[in-house]
Protein chains: 2
Amino acid sequence: MTNSPTPNELREVLASDTPSAKTKRDLIESALYHFGHEGYAGTSTRSIAQTAKANIASIAYHFDGKAGLKRACINFIAMSIGDVMSVVLNRKLSDIEHLSPEDARTKILEMIDRMITFTQTNKRAELVIGFMLKEVLHSPEEVDTLYHLIFEPLMDRVTVLFSRATGQPVASDELKLAIFAMIGQLLYIRLARPLVLKRMGWQAVGPDELAQIKSILHRSINALLDDLSKGSNHA
Amino acid sequence: MTNSPTPNELREVLASDTPSAKTKRDLIESALYHFGHEGYAGTSTRSIAQTAKANIASIAYHFDGKAGLKRACINFIAMSIGDVMSVVLNRKLSDIEHLSPEDARTKILEMIDRMITFTQTNKRAELVIGFMLKEVLHSPEEVDTLYHLIFEPLMDRVTVLFSRATGQPVASDELKLAIFAMIGQLLYIRLARPLVLKRMGWQAVGPDELAQIKSILHRSINALLDDLSKGSNHA
DNA sequence: GATTTTCAATCAAACGATTGATTGAAAAAA
DNA sequence: TTTTTTCAATCAATCGTTTGATTGAAAATC
């Protein structure tokens, strides 16, 4: 298995307990750490191997080189995001197409809650966000992978939820852009954590700080939904 | 002048028309381009020199090495942002402390407009944002530079504006976080442009697309301000 | 059951290429 | 002339990759 496995293939491979599976897991974990912190170009294959307690040659052996390991990381991330978002993604489209505005809004806020908790508290979230922003967004090919694997199916469902909650048509450009605005708030407040900590006078983001963040984003997104609902007839 | 000049010193240096000033300008311009696209570690001094049509050694001569050129880039960025934000920054704090809620809101939306236009249309905005995300946010020392030079004075004034517009006290944590949420929307929608274009079916962000982006962010931020104004007495 | 063969996996060592930095002389500017 | 700036050449260090040898357990053969 020298080629990049799909997220689902990757899940099976990494779940097994063969020696090679452990090596792969360790290498991906290590690569994610270093790529996220020092960037792809700034990371040496030697440091990846050292952190993973593996031999340098194992990178070429298992992933066909540094670039292949990067692709595996992207698929691993796609897998992780898929897990976090399963609440939304596992529902069939037809399942959420007839929710009441109130239920749709509840689902949206539920999802927001999950995303904030994940981005703010998960150890890997920082690495994942850092890695994607630093490396993935600037490579058209990898943007494609990310878009079709995660982004589009997720956004399709969120768009339906937004449509149900606001009464706007699903194809509305306004709706689509509003969702970007929503996600932007979530990600930026995690991304700019060094600035947030300094500005707020916080030492770290603990339960209290998490609650404050959730509170304001809750309000902001509720206000946005209210505004989008104006002048539209709820079914 | 081998050490990193402050933004103001930098402005004078770069404005002069001596040969060395031109070389410095070219090197910073080139470095910004490469750092923004390939990251600091991913950029070789040779490619910087080649793009700038300068000799490799001139980097060491003028900036004391690659790291010094990076510092100069940060200061150059601070200078640029300072220019864009001058509408807000150049006002004394005492000058905006007594604005009416309506005037304050107008000022906020004016500022938003400027920021969106800059981030979405300025050639250098992509490089600046990419550079800061990739390199600056992960270096405590450079976060400090950025924070004290640009972020804090800017945020102080925006916070006062928000306070005047909503009736909330300036020291309010909610207000501070709300501003992060606002900025997050602006930056993310530029940052994730590859995803935005794909999602919206756009070829590029021209005048029409810019207007759409402004419209939705306008609505979102207005809604946020409305919500923050609830239950507070406007002076 | 005992022996041999096969093969995925790991290892230390070395490869050529490229990195940032440095040098001292030539060129340009003052 | 004196100082500043540019240049090609060179440096040690590090880069990602490749190599050939070695391991240990499964598969095949006897």
> Among B:37, B:148, B:62, what is the fewest-to-most ranking by other Cβ atoms within 10 Å?
Replying inline: B:148, B:37, B:62
> Considering only the other residues whose Cβ falls under 11 Å of the Cβ of residue B:74, what net charge follows from Lys and Arg at +1 and Asp and Glu at -1?
Replying inline: -2
>> One quarter of the convex hull surface, Cα atoms only: what value does that give for the protein assembly as shown in nm²?
In response: 24.1
> What number comes out for the charge environment of residue B:26, summing +1 per Lys or Arg and -1 per Asp or Glu over other residues with Cβ under 14 Å away?
Replying inline: +2
>> As a footprinting exposure proxy, order B:29, B:152 by other Cβ within 10 Å, with the fewest listed first.
In response: B:152, B:29
> Any idea what angle helix B:66-84 forms with the longest principal axis of chain B, computed on alpha-carbon atoms, 0 to 90 degrees, nearest 10?
Replying inline: 40
> Which order results if B:172, B:220, A:20 are arranged by neighbouring Cβ count within 10 Å, fewest first?
Replying inline: A:20, B:172, B:220
> Based solely on its DSSP helices, what 222 nm [θ] is calculated for chain A when runs of n ≥ 4 H residues each add -39,500 (n - 2.57) and the sum is averaged over all residues, nearest 500 deg cm²/dmol?
Replying inline: -23000 deg cm²/dmol
> Under 18 Å from the Cα of residue A:92, which lysines turn up, not counting those fewer than eight places away in the same chain?
Replying inline: A:107
> Using a simple charge model, +1 on the beta-carbon of Lys and Arg, -1 on the beta-carbon of Asp and Glu, nothing else, what dipole does the protein assembly as shown show about its Cα centre, in debye to the nearest 20?
Replying inline: 640
> Over what distance in Å are the Cα centres of region A:141-183 and region A:49-122 separated?
Replying inline: 16
> So which aspartates and glutamates can residue A:24 reach, going by Cα to Cα under 18 Å and dropping same-chain residues fewer than 8 places off?
Replying inline: A:9, A:12, A:64
> What lysines sit close enough to residue B:198 to cross-link, taking a C-alpha to C-alpha distance under 20 Å and skipping anything fewer than 8 places away on the same chain?
Replying inline: A:134, A:176, B:214
> For the protein assembly as shown, with the dipole built from +1 on Lys and Arg beta-carbon atoms and -1 on Asp and Glu ones, taken about the Cα centre, which of A:30, B:216, A:85 lies farthest toward the positive end?
Replying inline: A:30
> Hey, what angle do you get for helix A:173-191 against the long axis of chain A, alpha-carbon based, 0 to 90 degrees rounded to 10?
Replying inline: 50
>> Can you list the copy-to-copy distances for residue B:174, using a point 7 angstrom from Cα toward Cβ, in nanometres, shortest first?
In response: 2.6
>> I need two numbers for chain A: Rg to one decimal and Dmax as a whole number, Cα atoms only, in Å.
In response: 19.7, 63
> Using the Cβ atoms and a cut-off under 11 Å, what net charge is assigned to the surroundings of residue A:174, where Lys and Arg are +1 and Asp and Glu are -1?
Replying inline: 0
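Read the figures in this text as sums done on the coordinates, not as results from a lab. Being a predicted model, the structure only gives us computed values, none of them experimental. Note that each Cβ is placed from the backbone with ideal geometry, even for glycine, and that neighbours are counted across all protein chains shown.
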